[in-house]
Amino acid sequence: MERYYQPEIECASRESILALQNERLVKQVRHVWDNVPYYRKKMEEKGVTPDDIQSVADLHKLPFLSKDDLREAYPYGLLAKPLKDCVRIQSTSGTTGKRVVAFYTQHDIDLWEDCCARAITAAGGTDEDVCQVCYGYGLFTGGPGLNGGSHKVGCLTLPMSSGNTDRQLQFMVDLQSTILCCTPSYAAYLAESIHERGLRDQIKLKAGIFGAEAWSEEMRRDIEKQLGIKAFDIYGLTETSGPGVAFECSEQTGMHINEDHFIAEIIDPNTGEVLPEGSKGELVFTSITKEAFPLLRYRTRDICVLTREKCSCGRTLVKMSKPMGRSDDMLIVKGVNVFPSQIEAVLIEQGYQANYQIIVDRINNSDTLDVLVEMTPENFSDSLGKITEMEKSLVAALKAMLGIYARVKLVAPKTIARSEGKAVRIIDKRKI
Ligand code: DLL
């Protein structure tokens, strides 16, 4: 029984979705104006009041919010509900210096889980399924979001969290999991481990719901072939509640955005100008149903395209393409958000200078992170016989900062090429 397929919304006419968005937007702007002094001030600075926002057509009048605003307002500055009404926080993956905290009322959690339930249903999930959730649990939104969605659909839910591959495979075989939820890199790793252990005939997976990081069509085909499943993309970010903002359907040509909860815009990342549908630009979301952390015109920094073509699945919800890159320098490595500035902070703290290069690659469907660090003349002259020790110390400090392992190689002073313009610090060799 497909309880979480909601054709009245997912397949509604453009006019009725727009009417719903208009009504919800007007209410949401008033809610934010009344309860979030930080955003009210931004509106006042732009000379906008809630009366100026009568429909989605007026959205462009509102100021943008960015990650910098979230940092400035950290931790409670964007909260729109009293603390006593909030029941949960989630936070961005793995980062310390750049942490973003999102708040939820019970209502917000319900709506978020509904969105994830739609994603699972669109992937063919029903209450007959066994859904193995191997996204991280805890502060990261992946585990809790898909876990809640799986419950709502009525699947038997395996709250595995990430890692411990032996245990993942044992449960997958013993409980005959039919749906796998994890990052695409972990799916590829699990697929490889299944083949290595000769378990292919013992698994019953039929679908995978993979997201939280960029992955290519080639990677999709590879995972589908190795596991004998259909692999669906899922998108979201902590700031907008987590996974389930958009999800793929059987057509697998982009992700439907849950437009009854989020209004999507595409803007020119340099000028902020709203671009017509079909243009490539930065994705901006306005959440129109969230109570505790309702971000208006939040700049995701993800570059993509929105299209509203007829979909063979029957859904009319607008589709976003796979993100094609970012308009800032954030990297996603092994599903973890990594900012070069964090790496730089560690290097400076340990007595190096900002002469470094970050090299990201994907080998056997798994991300690798290498940091090439130039020694200063001082630490170079001290380094005789101590290079390994110095590298180990940097590896540990980077692990503490980023939450993931980076290989470090120290090089002699003045060996990393200097640039006359912006320094080229990131070399991303992944073909995604
Ligand atoms: O990654 C939420 C999530 C969990 C999505 C599980 C899907 C599945 P954050 O850690 O805040 O939240 O990272 C958000 O990850 O701005 C994108 O750059 C990237 N991202 C998320 N989904 C996809 C995807 C979660 N399907 C950031 N394809 C976003 C490419 C994705 N990039």
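The values are calculated or read from the model by the stated rules, or taken from the named source; none is laboratory data. Nothing here was measured: the structure is a model prediction, and the numbers come from that model. All Cβ positions, even for glycine, are placed from backbone atoms using ideal geometry, and neighbour counts span all protein chains on display. What goes into the accessible areas is simple: the full protein's heavy atoms, side chains included, and nothing from ligands, DNA or RNA. Shrake-Rupley method; radii C 1.70, N 1.55, O 1.52, S 1.80 Å.
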(request) Determine, from the Cβ-Cβ distance of Asp382 and Glu218 and an R0 of 56 Å, the FRET efficiency 1/(1 + (r/R0)^6), rounded to the nearest 0.05. (result) 0.75
(message) Ordering His31, His151, His195 by accessible area with a probe of 1.4 Å, largest first, what comes out?
(response) His151, His195, His31
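Just the accessible area per residue of the chain, please: how many Å² with a 1.4 Å probe? Mind showing how you got there, number by number?
Working: 18480 Å² over 432 residues.
Using a 1.4 Å probe on heavy atoms only, each residue of the chain averages 43 Å².
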(message) Can you compute the helix-only [θ] at 222 nm over the chain? Use -39500 (n - 2.57) per DSSP H run of at least 4 residues, normalise by all residues, nearest 500 deg cm²/dmol.
(response) -9500 deg cm²/dmol
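Given a 1.4 Å probe and heavy atoms of the protein chains only, how would you sort Ile387, Ile288, largest accessible area at the top? Before the final figure, lay out the partial values.
On the way: Ile387 55, Ile288 10 Å².
Sorted descending by solvent-accessible area, the residues read Ile387, Ile288.
Ignoring ligands, DNA and RNA, how do Ile363, Ile416 rank by accessible area with a 1.4 Å probe, largest first? Can you show the working numbers first?
Numbers: Ile363 90, Ile416 15 Å².
Putting Ile363, Ile416 in descending order of accessible area: Ile363, Ile416.
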(request) Quick one: check the C-alpha center-to-center distance for region 242-296 versus region 176-204, whole angstrom. (result) 31
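Name the shape class, rounded, prolate or oblate, that the alpha-carbon gyration tensor gives for region 193-272, where a ≥ b ≥ c are the square roots of its eigenvalues, rounded holds for a/c under 1.5, and otherwise prolate holds if a/b is larger than b/c and oblate otherwise. All intermediate terms of the calculation are to be shown ahead of the outcome.
Values: a/c = 2.72, a/b = 2.36, b/c = 1.15.
Prolate, since a/c reaches 1.5 and a/b exceeds b/c.
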(request) Compute all pairwise cysteine Cβ distances in the chain, then list the cysteines with no distance under 4.7 Å to another cysteine. (result) Cys11, Cys86, Cys115, Cys116, Cys181, Cys304, Cys311
(message) Using Cα-Cα distances under 8 Å and only pairs 6 or more residues apart, what relative contact order does region 1-326 have, in percent?
(response) 18
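At a 1.4 Å probe radius, carbon and sulfur cover how many percent of the accessible area of region 1-326?
Numbers: 6440 of 12760 Å².
After summing per-atom areas, the C and S share lands at 50 percent.
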